[in-house]
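J.: Provided herewith is a single structure, encoded as structure tokens, for subsequent inquiry.
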Amino acid sequence: MKVFHGTTEIAGQMGILSEALQKKGHYSIGYNTFHSYLGYEDHLVNTDEQTIEQERENIIPAFDVFHFHYGTTLSPGFEDLEKIARLGKKMVMHHWGNDVRFHDIARIHNPYVYTGDSPPNEVMHERLTKMTRYIKQAIVQDYEMVPYVENYYDHVHVVPIAIDLSQFTPVYPDPMKKRPLILHAPTNPDFKGTAHVENAIERLRKEYDFDYKRIEKLKHSEAIELYKEADLIIDQVLCGSHGLLSVETMALGKPVVTYIREDLISRFPSELPIVNANPDTLYDQVKKLLENPSLRRTHGEQGRKYVEAYHSSDVVIEQLLAIYEQL
């Protein structure tokens, strides 16, 4: 197959999935129009919306499968979809979060959630209505995302975030370390709940001896090197589900603190080793890990095994290929 990924690179997924597809003997590449300080480059053509729209008449015949991301296609108004459908090409939309996180739905099970980066409900509804005239199936990363899109598509697939495990050699926390390092890396502090994280950190400083580092505005490759130094990771404490940081740092053998909504816990694999904490419980959960160095090590070891089982690109790509087969 020849697989097109586009046009918004989120968490490096277009590149990672393209590489995994290539290992399986398919041709795949991502066309990315979203550029950030994270600096994703692998298996991507970094371009802009105008160039892609100009090239769409050449792009459409060249691919068999169009795997779109974050509610974006080759044209801002989805004018490309009619031709792709007419030519009998396969299409699937991969939603990643704030492209479809309807404000009212998000608050039904989550009093903490931040949706300030999502467009108004009516804008998301209009976009979903347009794209689903032609795209009938969607992919989301977990069950937190399903309610936002399930009424628009014929079928919604849940496919975990993928990472290339060969890039992550575990560096487990040393239980004998006297001054552990807590790390928090918010790409968006409002969404991640950074204010709550740092309030808890200030309380804990009065009782425990540790270092705290907040990582921002670094290239992804540079941030990974700093993650290796950490003894404890605090990811996002508002959303109700985990993100890429949790997956990457579990792959590095780190204990991870993240908020998983109570109603969603059973939808994750039972061995999910994340330490569950919302703004109200964060202080107590981090305190427990500071007081139990061996627990940090145990969670780190469990996290690595979990990512090997569920988030390795070699595992995820098999799920993706099965979806492509039946589109």
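The values are calculated or read from the model by the stated rules, or taken from the named source; none is laboratory data. What you see is a predicted model; the values in this text were computed from it and never measured. Here Cβ is always computed from backbone atoms with ideal geometry, including for glycine, and neighbour counts include all displayed protein chains. Ligands, DNA and RNA are excluded from the accessible area calculation, which covers all protein heavy atoms including side chains. Shrake-Rupley method; radii C 1.70, N 1.55, O 1.52, S 1.80 Å.
J.: Identify the residue in segment 205-230 that is surrounded by 15 or more Cβ atoms within 10 Å (Cβ to Cβ) and small (Gly, Ala, Ser) and, among all such residues, is modelled with the highest pLDDT.
T.: Ranking the candidates gives 230 first.
J.: Moving on. Go through (1) modelled with pLDDT of 95 or more; (2) touching a strand residue (DSSP E or B) at 6+ places or on another chain (Cβ under 8 Å); (3) surrounded by 15 or more Cβ atoms within 10 Å (Cβ to Cβ) and name the single condition residue 62 misses.
T.: The single condition residue 62 does not satisfy is (3).
J.: Within the group 11, 20, which residue is crowded, with 21+ Cβ neighbours inside 10 Å, at pLDDT 95 or above and closer than 21 Å to residue 160 by Cα?
T.: Answer to the selection: 20.
J.: Additional query: Go through (1) open to solvent by 30 Å² or more (accessible area, probe 1.4 Å); (2) part of a strand (DSSP E or B) one by one and return the number of the condition residue 233 breaks.
T.: (1)
J.: Let me ask another. If we only count strands (runs of 3 or more DSSP E) wholly inside segment 100-191, which ones have 3 or more residues that are buried (at least 18 other Cβ atoms within 10 Å of the Cβ) and in contact (Cβ under 8 Å) with a residue 24 or more places away in the chain?
T.: In segment 100-191, the matching strands (runs of 3 or more DSSP E) lie at 137-140, 181-184.
J.: How many residues does segment 73-90 hold that are modelled with pLDDT under 95 and touching a Ser or Thr at 6+ places or on another chain (Cβ under 6 Å)?
T.: Of the residues in segment 73-90, 0 are modelled with pLDDT under 95 and touching a Ser or Thr at 6+ places or on another chain (Cβ under 6 Å).
J.: Being under 19 Å from the mean Cα position of the chain (by Cα), open to solvent by 40 Å² or more (accessible area, probe 1.4 Å) and β-branched (Val, Ile, Thr) is the filter here; which residues of segment 253-300 pass it?
T.: The answer is 265, and nothing else.
J.: Could I ask something else about it? Given the options 245, 238, 327, name the one that is within 18 Å of residue 172 (Cβ to Cβ) and not polar (S, T, N, Q).
T.: On inspection, the qualifying residue turns out to be 245.
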